[in-house]
Each structure stands twice: as structure tokens, then as C-alpha cells.
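Novice: Structure below; questions to follow.
Throughout, read-outs are computed from the coordinates displayed, never taken from laboratory work. Note that the structure is predicted; figures quoted are calculated from it, not measured. All Cβ positions, even for glycine, are placed from backbone atoms using ideal geometry, and neighbour counts span all protein chains on display.
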Amino acid sequence: MTEHRSSEWYAGTDRNAYIHRAWMRRGLPENAFDGRPHIAIANTASDLTPCNAHLNEVMESVKAGIFEAGGIPLNLPVVSLGETQVRPTAMLWRNMAAMATEEMLRANPIDGVVLLGGCDKTIPSLLMAAASVDLPAIVVPGGPMKTGTFQGVPLGCGTDVWRLSEEVRAGTLSEEQFLKSESSMISSRGHCNTMGTASTMALVAEALGTIIPGLAGTSAVDSRLLEQSHETGRLIVDLVEADRRPSSFLTKGSFRNAIVALAAIGGSTNAVVHLLAIAGRLGIDLTLDDFDAIGSGVPLLVDLQPAGRFLMDDFQRAGGLLSVLREVQDLLDPTALTVTGRPLVDALGSARIWDHEVIRVRETPLIPDAGIAVLRGNLAPDGAIIKPAAASAHLLSHRGRAVVFDSIEDLHARIDDPDLDVDADSILVLRGCGPRGYPGMPEVANMPLPKKLLEQGLRDMVRICDGRMSGTAYGTVVLHVTPEAAAGGPLGIVQTGDWITLDVPNRTLDLDVDPDELDRRRPDRATADGFANPRRGWERLYVDHVMQADTGADLDFLRGSSGDRVSRESH
Ligand code: FES
Ligand code: MG
């Protein structure tokens, strides 16, 4: 047996080893300290993260697998982020959760870790932590909830909240019925069952190689989740024995596979900032432009809400991620490995599509080119993104006059004003919502359309913002504009009435204002006023150190890895 990291705590006859062992002998037998691997289960189960509340049961299955393989499993509750509960936005705490988990894994006598996540930010923060402590790690995604129904119709969690509330406004659903649907929306344990950020990140993490192939997307209520959790417990012990750390098998090719998967499933734009942040922890040179270069030409094969019709239950029944990846196998890196030690592409041989309505074959895609487009120009010198699959085709090349809002509050106050000077060709601009300006970079980019235009039947307009948008949302939305207004980006000097040209086929976003005029505006742009200026605590640290969206909105001092070494004893 190779010497494990935990032996630095437990081996020997001196006082310190005695202390480390004695306090852990709460039911553990003496041979628990004979050099076998000690495995943490980083567990985001929390009553305040309803999507992850079932992970304690998953943890028991992982534990059983670890014991069976000769390891010692240790439950490690870590910071958990419930997307619907946490204010002002769960994204503000993603880097904090990652930092806390990283430090606790390093500080403790741990040889490897199983990462239990689900709700939007939990898998990204766990992977960032695992990358920076660089201990052998495997993700178990908690899985989507089963499909619930209301009045005989399936409910898409998240997406249908917007639909039903619009029906109330339109007078086609009573408030009483609306409130009745509340108890059907979350039909079971598990995360949102649309192709929102949680489903996206589980599938993308599998394409990256950090999950046993075939597991991501398995429903939270499916027995196979527990079976594969047990299997993951056995596998993590092998990983420790093989010393297979994230740095040893995650490569640029792994990220290529994740980006191909993201496009083919029509996944959330939030995956862009998460993948950039994870790559940054690994020291892998992944750039915003890679999403465009690798994703362009990848077809959209999955017909799931919010862009399409079906839900995650249907996706799994139709063949799941491996059947999608098999269709685009020629675009994948054949050398990229998974936690099993074998290439991802080796897992695709037996995958089949069982329902061609839900998952399309390569020859008949929903959209032939579904990759995220990266735009540049004098309005976004460091880049902005748009998801063409979720946009209106006729707006992808568009010139219009800006209607500018300085904050989300400003937008809410004026958007429905009948006197607002706006028409269908206008471009709505919302600034002050980047990582620094509105700490955490909230999901507000898909701003509501003016009521008077909605009443005329308008359903989409070009919108431009330095914030993010929900994985369950869609529209012709240019988001993650970098640098953000609060970092001195040109978005801060746009004025209402300026002409803006969006040209997605040519990947440009430009403000059509004379350069001399732009120079004149720069000195008096208001960067300090109106943007966040927290006095203390995490928000202060965040605002001082958060990087821009084009590099993943991580904190500057958290990039890279510190490894698993701790230099000093505790006594
Ligand atoms: Fe948790 Fe949607 S709120 S995944
Ligand atoms: Mg979300």
C-alpha cells in the first residue's frame, strides 16, 4: 500500500498521532488508521438548498461503496447555495463556497473526495475547490426532480413559473389556480428539471470527465442514482491508490468535450463563467474565444425547455448525455480521460437514442450551429456572449437606438412607463450588473420588455447587459459584456439615443458614436456612484478581487492551485 496523505496525521506513536487518532475513534476500529485511504464526502445537503436536501441519502450510498473498497468515508458538510433562496444572488457566494471547501479539504486528514452537488452553483464551487487542492475527486450529481403535472400538463421547473404568472396577468388563469400549482412545481427531491444551469453543469461535468459516465441526468428519485453513488464510493478508493488527481487527467481536451456537450444540449450560458473559473484553477489556458471556436458548428440535438419542449425525465428516457455525445463523437477529443482512467469516447459505444423527438440525430438537428457566440467591438473590448439557439434569428443582425438603464431598479421604475421613448427596433441597455458593480453579477440580463410593446404583440428585442441570465431564460440577449461598466467599460458611457450595431454572424458589437465624442464622455462617466461599495466582510473582499466575466469571475488570488500540502502541525 502506498503511503497516503492522511498517514501524516495518523501514523506513528507520538503524542500528535495519538491525538489525531483518539478523537476520530468514535466507532472507527483500530485498523481505520493502518494507512487505508480516508475519503471526504463534500456534502451540500441543506434544508435551505431544497434541490440538494436528499444528498444525505446519496452520501450513505457513497459511504457504503468506500467501506466496501477498504476506505474510510467521512461526511464533510460544506457551504451550500440554494439558488432560489440566497440573496442577493447565489453567484456572490460561489467563490466563497469554493474557497471554504478547498481550505477544509486541505486542512483535514483527507486522501480523496466525493463531491455531492446539484443546485446551480454547487457543482461549480465543488469542482473549483477540488481543482485547487488537487486531491483525487469524483462528482455525484444529485439529479433532477421527476416531472410534476398541474391540471394534466407537465410542469417545467423554473420556466413554467414565468408562464403561469404571465397567464394570471393575461387573465387566462385565476390567482387561486396559480397558487394551487405551487405545491406541484417541485414534484420531488432533486434540482430543476429543465435544461437550466443545474442540469447543464451536471452534464457538462460528466463531459469534462469528473463523473462516472452515464450518471449525470439520472433523476434524484431513480434507484440507479444510489447504485452509481455506491459505485462512485468504490471508484474514489481506486483513484487514491492510482493517485489520479484533477491535474493529472483534466486537459484542454477535457474542456473541448465540455464545450461540445454544452452546445449540443443547448445548455445554460452560466456554464461559460463556471468552466472558465474551473480551468483557471487548473492552470489550463481556456479563453472565452475557445467557446466560439470549439462550439461553432456543433448542432443543437436536444429539445428541452426553456428553448424547446421536453424535460430531464424525457432526456434520460431518450438516451441521455452519452447518446448525444455519440452523435458528435468526431468533434470530441478522443484522448481526454474520465475519472475511470479511460477516455470519455470509450463510454459512447453502446449509447442509443430511443426517442428521436427528444434527442435528434446529427443529420436532423434543431439548429445546425448552436455554439455560444463571442462578440467583440468598441462596446465590448474584452468580449460579450450571446446564445444564438435562444435568440430570434431576425435580430441577430440588428441596428437600433439605445435605451439605457443605470440599474435594475432604474429599469423596473421606467420600463412600463407609457412615455418611455422606445420602439420594437430599440436596443435595451442595462449596466451596473457586472461582477463588481452588482457583486455576484445577477441574472438580470434578460430584462422584461416594455408593457406597451408587449401589448402590441412584440415578444423579443435586442438587450445588452454586463450581468448574467438564468439558464431557464431566452431571448436575443447579449450578456457578460466585458469590461463591465463598474470596471470602466464602454457600456458605462452609452447614452440613450446612441446607435448600436449587433452583428452576430460577424461577431461584432459596436457603438456607432464618433470616437472624439466618446473621448469627451470618458472623463465624466460615473463609475464610483451607483455601484456597490461594501464596507466589510466577504462583499468587500469580493469587490476588491473579483475578475471580469471573460475569465470566469473568480477572485484573482484564487486562480491556480495550492496543492494539498500543509506545512505545520496543530499542536
Ligand atoms: Fe436549484 Fe433550480 S433552484 S436547480
Ligand atoms: Mg439560476
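Novice: If you wrap a convex hull around the alpha carbons of region 450-500, what volume per residue comes out, as a whole number of Å³? Mind dumping the intermediate values first?
Specialist: Working: hull volume 5.4 nm³, N = 51.
Considering the Cα atoms of region 450-500, their hull volume per residue is 106 Å³.
Novice: So, in nm, how far is label Ser350 from label Arg25 when the simple model puts each one 7 Å beyond its Cα toward the Cβ?
Specialist: Rounded to a tenth, the inter-label distance reads 4.6 nm.
Novice: Another question, if that's okay. Run the quick spin-label model on Gln151 and Leu396: label points 7 Å from Cα toward the beta carbon, then report their separation in nm to one decimal.
Specialist: Taking the two extended label points, one gets 3.6 nm.
Novice: Moving on to the next point. Using only the alpha carbons of region 1-132, determine the length spanned along each of the three principal axes and report them from longest to shortest in whole angstroms.
Specialist: Projected onto its principal axes, the Cα set of region 1-132 covers 51, 25, 24 Å.
Novice: So what does log10 I(q)/I(0) come out to for region 178-274 at q = 0.19, 0.22, 0.24 Å⁻¹, using the Debye formula with one equal point on every Cα and no solvent?
Specialist: -1.02, -1.19, -1.26
Novice: Work out the charge dipole of the chain with +1 on the Cβ of Lys and Arg and -1 on the Cβ of Asp and Glu about the Cα centre, then indicate which of Ser247, Pro124, Ala170 is farthest towards its positive end.
Specialist: The residue sitting most towards the positive pole is Ser247.
Novice: Per-residue counts of other Cβ atoms within 10 Å, averaged by peptide: what ranking do you get for 411-421, 546-556, 3-13, highest first? Display every interim value, and only then the final one.
Specialist: Details: 411-421: 13.2, 546-556: 22.2, 3-13: 17.1.
Going by the mean number of other Cβ atoms within 10 Å, highest first, we get 546-556, 3-13, 411-421.
Novice: What's the ranking of 400-407, 117-124, 228-235 by average number of surrounding C-beta atoms within 10 Å, highest first?
Specialist: Numbers: 400-407: 19.6, 117-124: 31.2, 228-235: 22.8.
So the order, starting with the most tightly packed, is 117-124, 228-235, 400-407.
Novice: Excluding Gly65 itself, what net charge comes from residues whose Cβ is under 11 Å from its Cβ, given Lys and Arg +1 and Asp and Glu -1?
Specialist: Values: positive: Lys63, Arg234; negative: Glu60, Glu68, Glu227, Glu231, Asp238.
Net charge around Gly65: -3.
Novice: Where does region 373-533 land on Rg/Rh, using Cα atoms and the Kirkwood Rh?
Specialist: Details: Rg = 14.4 Å, Rh = 15.5 Å.
Here Rg/Rh amounts to 0.93.
Novice: Continuing with this model, one more query. Could you give the C-alpha radius of gyration of the chain expressed as a fraction of 2.2 N^0.38 Å, taking N as the number of residues it contains? Display every interim value, and only then the final one.
Specialist: Details: Rg = 24.1 Å, N = 571, 2.2 N^0.38 = 24.5 Å.
Rounded to two decimals, the normalised Rg is 0.98.
Novice: Taking θ as phi - 60°, what are the ³J(HN,Hα) couplings along region 486-493 by the Karplus curve (6.51, -1.76, 1.60), each to the nearest whole Hz, with x for Gly and Pro?
Specialist: So the J values, rounded to whole Hz, are 6, 9, x, x, x, 4, x, 10.
Novice: Continuing with this model, one more query. Could you order peptides 278-284, 134-140 by the average number of other Cβ atoms within 10 Å of their residues, highest first?
Specialist: On the way: 278-284: 22.9, 134-140: 26.7.
Highest mean packing first, the order is 134-140, 278-284.
Novice: Run the reach check for Lys180 against lysines, Cα to Cα strictly under 26 Å, same-chain hits fewer than 8 apart removed. What comes back?
Specialist: Lys146
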